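Heads up, the thing below is written out as structure tokens.
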Number of protein chains: 2
Amino acid sequence: MMVSMQRNTRQRTAILDALGRQDDFRSAQQIHEQMRADGETVGLATVYRNLQTMAHGGQVDVLVTDDGESIYRQCAQSGHHHHLVCRECGRTVEFQAPQVEDWARRVAREHGFTDVDHTMEIFGLCPEHSGAPSDDASSSGA
Amino acid sequence: MMVSMQRNTRQRTAILDALGRQDDFRSAQQIHEQMRADGETVGLATVYRNLQTMAHGGQVDVLVTDDGESIYRQCAQSGHHHHLVCRECGRTVEFQAPQVEDWARRVAREHGFTDVDHTMEIFGLCPEHSGAPSDDASSSGA
DNA sequence: TCAACTCTGATAATCACTCTCATGTTCGCC
DNA sequence: GGCGAACATGAGAGTGATTATCAGAGTTGA
């Protein structure tokens, strides 16, 4: 199968640059907005397209929020890892969890599941925002 | 705060009933479609509204798919638990993971995060669908 | 039965995201 | 440096899931 070559464009570079300057997960629209504010002229469709491509290629991480919005972040770790995200400010800590990987694999095997993949993210309040009463205190699991 | 009372309606009952008869995660639209097929006359908005209310009340579990769609399921376990879901047929196994809970709590504490919550779901191919080469069918059809 | 008060549902609206396709860029090649 | 084919861009239309509207129907306690 012939994989079409990926070209370097001003826009792609600008998006990577914008991602590099932020430390939290952002939606495509937020990233687009920020770029416009920074003087870049990039189309929204282009931002979506590139983020998607980068996510597919593993250059950026994607998370899907509770309301179905995709948020992106350029992570320091290139391999498989998880996130600890602040609900208030989006501040993110990356971490690895070999025990969890093992656990997931074992549970899957016990039930005869194969080709296993999993998601695990932790949400909470970072030190900066702990103690700040977040009016919405309903934390339903799952 | 005064919480308005929840009334029993034919529709609410029918939705719970429909949920009770299925074993996999389904989208609101799929559930609505199934109910119509079963002869129920229920509005789509009503299905959405009730599923949301039930999810908030913990009577049903919600998952958000990669493409941002919310899928619902009435789980056997009422407390906090996780899911092992087949990518092909949606077949779901519930399980508990105390070790993972502990791990999540510890990681959060190490970084000074409080009010911690987390998500963890495992996706794979159930015994029935293992081995079946799912080239293009990577989407959770159903 | 009656009068709240809630729930329903057809439809319009919203919102994130994708598609279209004419035009702009990139890059290997001379 | 210039060419050209193939890929990328972007403005706007389209899509699909979900939510808001709001008048009328259903439910409930008294």
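Descriptive notes on the structure:
- Shape analysis of the protein assembly as shown yields a ratio of the Cα radius of gyration to the Kirkwood radius, Rg/Rh, of 0.98.
- ³J(HN,Hα) computed for each position of region B:91-104 - Karplus, 6.51 cos²θ - 1.76 cosθ + 1.60, integer Hz, glycine/proline x: 3, 10, 10, 8, 8, 10, 9, x, 4, 5, 4, 4, 4, 4
- Rounded to the nearest 20 debye, the dipole magnitude of region A:1-138 is 680 debye, with +1 charges on Lys and Arg beta carbons, -1 on Asp and Glu beta carbons, and the Cα centre as origin.
- Heavy-atom accessible surface of region B:1-74, averaged per residue, reaches 62 Å², computed with a 1.4 Å probe.
- Placing +1 on the Cβ of every Lys and Arg and -1 on the Cβ of every Asp and Glu, with no other charges, gives region A:1-74 a dipole of roughly 460 debye about its Cα centre.
- For region B:44-72, a reduction of at least 40 Å² in accessible area between the chain on its own and the assembled protein chains (probe 1.4 Å) is found at B:V64.
- Counted by Cβ distance under 9 Å from B:C89, the other residues give a net charge of -1, where Lys and Arg count +1 and Asp and Glu count -1.
- Alpha-carbon centroid distance for the pair region B:11-47 / region A:63-109, whole angstrom: 32 Å
- Sites A:A45 and A:A76 - FRET efficiency at Förster radius 25 Å, r taken between beta-carbons, to 0.05: 0.30
- Surface composition of the protein assembly as shown: carbon plus sulfur atoms contribute 47% of the solvent-accessible area (1.4 Å probe, protein chains only, all chains present).
- Interface B:A - total buried accessible surface [probe 1.4 Å, Å², rounded to 100]: 3500 Å²
- Binned Cα-Cα distance frequencies in region A:4-110 - 5 Å width, integer %: 2, 11, 21, 21, 18, 12, 7, 5, 3, 1, 0
- Low-density loop positions, chymotrypsin sites (Phe, Trp or Tyr not before Pro), region B:1-83 - DSSP coil, at most 15 other Cβ in 10 Å: none
- Legend: mean number of C-beta atoms from other chains within 10 angstrom of residue C-beta atoms, peptide A:101-112, equals 5.
The values are calculated or read from the model by the stated rules, or taken from the named source; none is laboratory data. All of these numbers come straight from a predicted model, not from anything done at the bench. Backbone-built Cβ (ideal geometry, glycine too); neighbour counts: all protein chains shown. Please note that ligands, DNA and RNA were not included when accessible areas were found on the heavy atoms of the full protein model with its side chains. Shrake-Rupley method; radii C 1.70, N 1.55, O 1.52, S 1.80 Å.
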